[in-house]
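The values are calculated or read from the model by the stated rules, or taken from the named source; none is laboratory data. For clarity, every value in this text was computed on a predicted model and none was experimentally measured. Reconstructed Cβ throughout: ideal geometry from the backbone, glycine too, with neighbour counts over all protein chains shown. Ligands, DNA and RNA are stripped out before the accessible areas are found, and what is left, the full protein with its side chains, is counted by its heavy atoms. Shrake-Rupley method; radii C 1.70, N 1.55, O 1.52, S 1.80 Å.
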Amino acid sequence: KGLFVQLKKNGFAVNLSDQMCDKDRMMAFRYLYVNGEYSLIRTNLEFFGRSYEDKDSESKAQNLLGLSAKKCGLILRSVDFYRRAISLSIEQNIPIDRIIYYRLNLCRVLVILCRFDEGRRELESALNLFYSNDWCRGIDASEIEFASRQLELAVRYVNLETELFSTTYDSVVCKRELVWADELYSSKMRIDRYYPRHLQSKILFLLREHKFDEIAPVIDELIEGSNVVFDDVRSKYYIAIYH
């Protein structure tokens with residue numbers, strides 16, 4: 001990612017061509033995605049979505065198309081791309097941790113569409129796969145601890161988000177996930193780019209619970225505790241609701 005960002009700063013540009021091999025097409029796609037060139041991706045969705053000889057690469061491309069379509073506001077297209085990524089992954093016996101991530105991504109867009117029953121089914125499938133520990137197979141032992149933490153963070157975050165945005169949310173589930181994240185981030189060494197999202201979730205939970213007197217300190221931490229607030233629009237929206 002750092003290389004792609006630096007290349008753009010140096011004036012590098014991607015010239016898309018029908019003569020591109022699968023590898024070049026995938027690299028071009030990643031380059032545009034990392035650098036936020038979503039308008040260019042949007043105009044070339046069909047180009048990047050063409051069949052790949054390597055179905056593993058095609059599943060990655062479909063997931064990336066889902067992420068891109070979501071950022072472009074093409075939510076229904078995003079659902080189709082994620083479903084294709086999951087289908088290809090299952091057919092090709094692709095590593096289970098990727099299938100979990102794909103299902104979590106699909107769950108999030110279904111929640112955006114207020115299709116909560118479908119979203120919960122995808123979330124349940126992801127949870128079952130994660131807690132079965134089968135996803136660890138094939139992963140180097142030295143990477144298991146880091147991979148497990150990252151995957152659990154994603155699982156718990158989407159579980160919390162699904163509940164927070166549901167019309168019939170479960171307060172107990174929300175509290176459990178927020179406590180887990182609080183413990184995770186109790187060490188400053190563990191704070192990552194998703195920490196602002198955790199604080200945003202906490203603000204939304206406190207709003208729903210009408211615990212307004214507990215929100216101000218969280219907002220202060222959200223504003224002061226990160227150099228660049230991840231998803232700045234959402235932060236400003238929740239702060240505006242509070243005020």
Next item on the list: Would you mind checking the tilt of helix 75-91 against the longest principal axis of the Cα atoms of the chain, expressed as 0 to 90 degrees and rounded to 10?
Entry: 70
Notebook entry, point to check: Taking square-rooted eigenvalues a ≥ b ≥ c of the alpha carbon gyration tensor, is the stretch 43-149 rounded, prolate or oblate, where a/c under 1.5 means rounded and, failing that, a/b exceeding b/c means prolate?
Noted result: oblate
Notebook entry, point to check: Taking square-rooted eigenvalues a ≥ b ≥ c of the alpha carbon gyration tensor, is the stretch 161-243 rounded, prolate or oblate, where a/c under 1.5 means rounded and, failing that, a/b exceeding b/c means prolate?
Noted result: oblate
Note to self: I'd like the distance between the alpha-carbon centres of the stretch 105-127 and the stretch 8-67, rounded to an integer number of Å.
What the structure shows: 26
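Take the solvent-accessible surface of the protein heavy atoms, probe 1.4 Å, and return the percent of it on the chain that carbon and sulfur atoms account for.
Summing carbon and sulfur atoms, their accessible area is 52 percent of the total for the chain.
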Check: Using a basic spin-label model with each label point 7 Å from the Cα along Cα→Cβ, how many nm lie between GLN92 and ARG193?
Finding: 2.4
Checklist line | Degrees between helix 22-34 axis and first principal axis of the chain (Cα, 0 to 90, nearest 10) | finding: 30
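So, by mean Cβ neighbours within 10 angstrom, what's the order for 45-53, 149-157, 94-102 with the highest one leading?
Packing proxy ranking, top to bottom: 94-102, 149-157, 45-53.
Any chance you could run the full-extension gain for ARG149 through ASP80? It's 0.36 nm times the residue separation minus the Cα-Cα distance, nm to one decimal. Can you show the working numbers first?
Numbers: separation 69, 0.36 × 69 = 24.84 nm, distance 2.85 nm.
Answer, rounded to one decimal: 22.0 nm.
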Next item on the list: Given the peptides 170-176, 13-19, arrange them by the average over their residues of other C-beta atoms within 10 Å, most packed first.
Entry: 170-176, 13-19
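For the stretch 27-85, what is the Kirkwood hydrodynamic radius in Å, using each pair of distinct C-alpha atoms?
Numbers: mean 1/r = 0.0902 Å⁻¹.
The Cα-based Kirkwood calculation yields 11.1 Å.
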Next item on the list: Could you tell me whether the stretch 78-214 comes out rounded, prolate or oblate from its Cα gyration tensor? Rule is a ≥ b ≥ c as square roots of the eigenvalues, rounded for a/c under 1.5, then prolate if a/b exceeds b/c, otherwise oblate.
Entry: oblate
Check: Ignoring ligands, DNA and RNA, what accessible area per residue does the chain give at 1.4 Å, in Å²?
Finding: 55
Note to self: Give me P(r) over the chain, computed from all C-alpha to C-alpha distances, binned every 10 Å, as integer percentages.
What the structure shows: 7, 26, 35, 25, 7, 1, 0
